[in-house]
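Chemist: Dropping a structure here in structure tokens format, bear with me for questions.
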Amino acid sequence: MTRYIIIGAGAVGASLAAQFELSGIDYALVGRGAQIRHIINHGLVYQRPAGIRQIRLKAFDTAEPPSLRQGDILLLTVKSQDAAEALAFWAWRTIEHSEALTVSSMPIVTFQNGLATETAALRFFPNVYGASILTPARFTETGHVVVGGDPQVAIVTVGRYPRGTDETAAKVVADLGRSDYIAETTSDIKRWKAAKLLHNVRNVLELFDGAEDERAVFSAALVEEAETVLKAAGHTFASPSERTISIAHWKIAENSGIRPGQQSTWQSFTRGVSSEVDYLNGEIVLLGRLHGIVTPHNRAAQEIAGSAARQDGFTAPLPFASLRQLAKNYLSFSTLIPSRPKAHQTG
């Protein structure tokens, strides 16, 4: 019988565990810090549009992780910035009753935003499955997760990385479907990840004040830069019309506890933990540098958010005027940089 090892007890991981618990699917939730200690000792306060319930979960601290066995599937739900550490922690652990096999032989499904985790996972795991998840969820209070998706929890697209699909992907999708998710497989998960990144680069603006029209202009510039560098890197983008399942009746429920402007980046800053901006806007900056394309808006957003993340707390919105001015400065500087000389060719 398949058991899912959910690595990370934030909004995505804890809600997965809660849904598996309610659906009778075997799992173990593994995390660290105050969140997992609270869940182990008191259970999870799990809020969905239909109501709030206290759920006892099969939860473990990473200091005392569960024994792993053949047939387990890993679901990596930590934030992008924590993925490398988690991959290294789990890959070479032994499998119960097997001296020859390590955890690296197990399938691993990566739920992170951005494009970096799947490549990092392939360094350790031969069987990597990317998952693109759309979930209106909030984790800002220890032991309490809010999910506003209605009637299903979230929308998940799963595919083997870098391409293809197989029985494992189909199994994961089937179990997600049993657990009240809208789920489908894809043979090209990279396109779904790239398409979501076009949306995620705007998350950083939730940290800033400013007039709505000015923020909209900046948002469009973030997306335009992202689209340009992703295309230069060879990425294409999945569109909603490619879905094999209908999401027409899925929505964010009113009065569900989910508010606009409070997505994952804002939640991380509110909790005072590390930021994923380096793997969202920072991914665009990286690709821009690799392909000789300037990305002043994403660079400015990454720099200011990165500096803010090192402060003692996020208690008030950051000044949008500073963001706009820094982007303007970087754009001006880029016009002064001479074009790269062509590589010398020998015949």
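The values are calculated or read from the model by the stated rules, or taken from the named source; none is laboratory data. Model, not experiment: these values are computed from the prediction. All Cβ positions, even for glycine, are placed from backbone atoms using ideal geometry, and neighbour counts span all protein chains on display. Ligands, DNA and RNA are stripped out before the accessible areas are found, and what is left, the full protein with its side chains, is counted by its heavy atoms. Shrake-Rupley method; radii C 1.70, N 1.55, O 1.52, S 1.80 Å.
Chemist: Along the charge dipole of the chain, Cβ charges K/R +1 and D/E -1, which of Val156, Phe125, Leu205 sits furthest on the positive end?
Modeler: So the residue we want is Phe125.
Chemist: May I pose another question? Under a point spin-label approximation (7 Å from Cα along Cα-to-Cβ), what is the Ala308-Lys251 distance to one decimal in nm?
Modeler: Taking the simple label geometry, Ala308 and Lys251 are separated by 3.1 nm.
Chemist: Hey, another quick one. Let me know the shape class of the stretch 1-107, please: from the alpha-carbon gyration tensor, a ≥ b ≥ c as square roots of the eigenvalues, rounded when a/c is under 1.5, otherwise prolate if a/b is greater than b/c, or oblate.
Modeler: The shape class here is prolate.
Chemist: To continue, here is another question. What do you get for the angle between helix 80-91 and the principal long axis of the chain? Use alpha-carbon atoms, 0 to 90 degrees, nearest ten.
Modeler: That works out to roughly 40 degrees.
Chemist: What is the count of Lys pairs in the chain whose alpha carbons sit under 22 Å apart, if the two are 8 or more places apart or on different chains?
Modeler: Lysine pairs meeting both conditions in the chain amount to 13.
Chemist: Right, something else. Could you tell me which of rounded, prolate or oblate describes the stretch 114-184, using a ≥ b ≥ c as the square roots of the eigenvalues of the alpha-carbon gyration tensor, with rounded for a/c under 1.5 and, failing that, prolate when a/b is larger than b/c and oblate otherwise?
Modeler: oblate
Chemist: Placing unit charges on C-beta atoms (Lys and Arg positive, Asp and Glu negative, everything else neutral), compute the dipole magnitude of the stretch 182-292 about its Cα centre in debye, rounded to 20.
Modeler: With only Lys, Arg, Asp and Glu charged at Cβ, the dipole is about 380 debye.
Chemist: Take peptides 314-321, 168-175, 67-74, 201-208 and line them up by average Cβ neighbours within 10 Å, highest first, as a rough protection proxy.
Modeler: Ranking the peptides 314-321, 168-175, 67-74, 201-208 by packing returns 201-208, 168-175, 67-74, 314-321.
Chemist: Provide the gained length on full extension for the span Glu64 to Ser187, in nm with one decimal, where the gain is 0.36 nm per separating residue minus the Cα-Cα distance.
Modeler: Stretched fully, the Glu64-Ser187 segment lengthens by 40.6 nm.
Chemist: Calculate what fraction, in whole %, of the accessible area of the chain sits on carbon and sulfur atoms when a 1.4 Å probe is rolled over the protein chains.
Modeler: Roughly 51 percent, rounded to a whole number.
Chemist: Placing +1 at every Lys and Arg Cβ and -1 at every Asp and Glu Cβ, with all other atoms neutral, what dipole size does the stretch 149-210 have around its Cα centre, in debye to the nearest 20?
Modeler: Dipole magnitude for the stretch 149-210 comes out near 340 debye.
Chemist: Determine, from the Cβ-Cβ distance of Asp213 and Arg37 and an R0 of 35 Å, the FRET efficiency 1/(1 + (r/R0)^6), rounded to the nearest 0.05.
Modeler: 0.20
Chemist: What residue among Thr140, Thr119, Thr185 has the largest mean-square fluctuation in a Gaussian network model of the chain, using Cα springs under 10 Å?
Modeler: Thr119
Chemist: Could you work out how much longer the chain between Leu22 and Arg163 gets when fully extended? Use 0.36 nm per residue separation minus the Cα distance between them, nm to one decimal.
Modeler: 47.6 nm
Chemist: Could you grab the Rg to Rh ratio for the chain? Cα atoms only, Kirkwood for Rh.
Modeler: 0.98
Chemist: Hey, can you rank 21-31, 246-256 by average C-beta count inside 10 Å, highest first?
Modeler: 21-31, 246-256
Chemist: If you add up the charges near Pro107, with Lys and Arg at +1 and Asp and Glu at -1, over every other residue whose beta carbon is less than 14 angstrom from its beta carbon, what do you get?
Modeler: Spelling it out: positives minus negatives among the neighbours equals -1.
Chemist: OK, next. Nearest 500 deg cm²/dmol is fine: what mean residue ellipticity at 222 nm does the chain get from its DSSP H runs of n ≥ 4 alone, each adding -39,500 (n - 2.57), divided by its residue count?
Modeler: Computed ellipticity for the chain at 222 nm equals -12000 deg cm²/dmol.
Chemist: Sticking with this structure for a sec: Take the Cα pairs of the stretch 1-187, get the Kirkwood Rh, then feed it into Stokes-Einstein at 10 °C and 1.306 mPa s and tell me D in µm²/s.
Modeler: So the translational diffusion coefficient is about 97 µm²/s.
Chemist: Here's another thing I want to ask about it. Assign unit charges at the C-beta atoms only (+1 for Lys and Arg, -1 for Asp and Glu), then state the dipole size of the chain relative to its Cα centre in Debye, rounded to the nearest 20.
Modeler: My answer is approximately 340 debye.
Chemist: When ligands, DNA and RNA are left out and all protein chains stay put, how many square angstrom of accessible area per residue does the stretch 133-280 have with a 1.4 Å probe?
Modeler: Per residue, the stretch 133-280 has 44 Å² of solvent-accessible surface.
Chemist: Would the stretch 49-136 count as rounded, prolate or oblate if I go by the C-alpha gyration tensor, calling it rounded below 1.5 in a/c and otherwise prolate when a/b exceeds b/c, oblate otherwise?
Modeler: Note, shape of the stretch 49-136 comes out oblate.
Chemist: Label point 7 Å out from Lys328 along Cα-to-Cβ: which residues of the stretch 199-238 have amide N under 14 Å?
Modeler: In the stretch 199-238, the label zone of Lys328 (backbone N under 14 Å from the point 7 Å along Cα→Cβ) covers 214-215, 218.
Chemist: Still on this model: Rounded to the nearest 5, what % of DSSP beta bridges with both residues in the chain are antiparallel?
Modeler: Antiparallel bridges make up about 40 percent of those DSSP assigns within the chain.
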